[in-house]
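Q: Sharing a structure, written as structure tokens. Questions coming.
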Amino acid sequence: MKGDFNMLEITVCVGSSCHLKGAYDVIKRFQRLIPEYGLKDKVELKAGFCLGKCTEAVTVKVGNEYFTSLTPDEVENVLKAVKKKVLERSNIK
């Protein structure tokens with residue numbers, strides 16, 4: 001469903017600072033948990049270069065919202081917020 005305008009984008013920064021602070025571990029955690037949260041067809045996980053918050057690495061952008069200083073252990077909290085946002089979107093339609 002790539003390119004579906006109803007999908008919520010999750011972009012994990014993989015720029016230098018984020019890379020050094022574990023961006024790829026954060027991505028792996030998202031990849032593992034997205035299906036568990038029933039979000040596989042609702043979100044699109046992407047990697048992106050520099051989200052402009054290098055001093056607060058690892059940075060993740062969900063829609064227009066930023067999550068900073070993220071560790072793999074905190075991904076689950078982000079996905080809880082994402083699931084809530086996805087449910088709100090589906091109730092609006």
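Q: Which one of VAL75, VAL62 is of a type in the set (Val, Ile, Thr) and within 22 Å of ASN6 (Cβ to Cβ)? Even if it seems obvious, please write down each step before you answer.
A: On the way: VAL75 fails: within 22 Å of ASN6 (Cβ to Cβ).
None of the others qualify; the one that does is VAL62.
Q: Take the conditions among the β-branched types (Val, Ile, Thr) and either surrounded by fewer than 12 Cβ atoms within 10 Å (Cβ to Cβ) or over 14 Å from VAL12 (Cβ atoms) (or both) and apply them to VAL60. Does it pass?
A: Working: among the β-branched types (Val, Ile, Thr): yes; either surrounded by fewer than 12 Cβ atoms within 10 Å (Cβ to Cβ) or over 14 Å from VAL12 (Cβ atoms) (or both): no.
Answer is no for this residue.
Q: Checking the structure you have, find out if any residue of region 65-75 is part of a loop (DSSP other than H, G, I, E, B), of a type in the set (Phe, Trp, Tyr) and surrounded by fewer than 19 Cβ atoms within 10 Å (Cβ to Cβ). Walk me through it before giving the result.
A: Step one: list which residues in region 65-75 are part of a loop (DSSP other than H, G, I, E, B), which gives 68-71.
Narrowing further to those that are of a type in the set (Phe, Trp, Tyr): none.
So far as region 65-75 goes, no, none of its residues is part of a loop (DSSP other than H, G, I, E, B), of a type in the set (Phe, Trp, Tyr) and surrounded by fewer than 19 Cβ atoms within 10 Å (Cβ to Cβ).
Q: Tally the residues that are assigned to a loop (DSSP other than H, G, I, E, B), in contact with a Ser or Thr (Cβ under 7 Å, 6 or more places away or on another chain) and under 22 Å from ARG89 (Cβ atoms), restricting the search to region 37-56. Walk me through how you get there before you give the answer.
A: Restricting attention to region 37-56, the residues satisfying the condition of being assigned to a loop (DSSP other than H, G, I, E, B) are 37-42, 49-53.
With in contact with a Ser or Thr (Cβ under 7 Å, 6 or more places away or on another chain) added as a condition, the list becomes 51, 53.
From what is left, the residues that are under 22 Å from ARG89 (Cβ atoms) are none.
Counting residues in region 37-56 that are assigned to a loop (DSSP other than H, G, I, E, B), in contact with a Ser or Thr (Cβ under 7 Å, 6 or more places away or on another chain) and under 22 Å from ARG89 (Cβ atoms) gives 0.
Q: Something else: Go through (1) part of a loop (DSSP other than H, G, I, E, B); (2) touching a Pro at 6+ places or on another chain (Cβ under 7 Å); (3) not basic (Lys, Arg) and name the single condition VAL26 misses.
A: Failing condition for VAL26: (1).
Q: Does region 44-65 contain any residue that is at pLDDT 95 or above and aromatic (Phe, Trp, Tyr)?
A: no
Q: For ASN91, only one of the following conditions fails: (1) at pLDDT 95 or above; (2) among the polar types (S, T, N, Q); (3) not in a loop (DSSP other than H, G, I, E, B). What is its number?
A: Of (1) at pLDDT 95 or above; (2) among the polar types (S, T, N, Q); (3) not in a loop (DSSP other than H, G, I, E, B), only one is false for ASN91: (1).
Q: What single numbered condition from (1) in a helix (DSSP H, G or I); (2) hydrophobic (A, V, I, L, M, F, W, C); (3) touching a residue at least 40 places away in the same chain (Cβ under 8 Å); (4) within 22 Å of CYS18 (Cβ to Cβ) fails to hold for ALA81?
A: It fails just one condition, (3).
Q: I want to confirm something. Restricting to region 14-55 and keeping residues that are touching a helix residue (DSSP H, G or I) at 6+ places or on another chain (Cβ under 6 Å) and over 22 Å from LYS83 (Cβ atoms), which single residue is surrounded by the fewest Cβ atoms within 10 Å (Cβ to Cβ)?
A: CYS54
Q: A follow-up question, please. Within region 57-72, how many residues are of a type in the set (Asp, Glu) and under 12 Å from ALA23 (Cα atoms)?
A: 0
The values are calculated or read from the model by the stated rules, or taken from the named source; none is laboratory data. Keep in mind it's a predicted model, so treat the numbers as computed, not measured. Don't worry about glycine lacking a Cβ; one is built from the backbone with ideal geometry, like all the others, and counts go over all protein chains shown.
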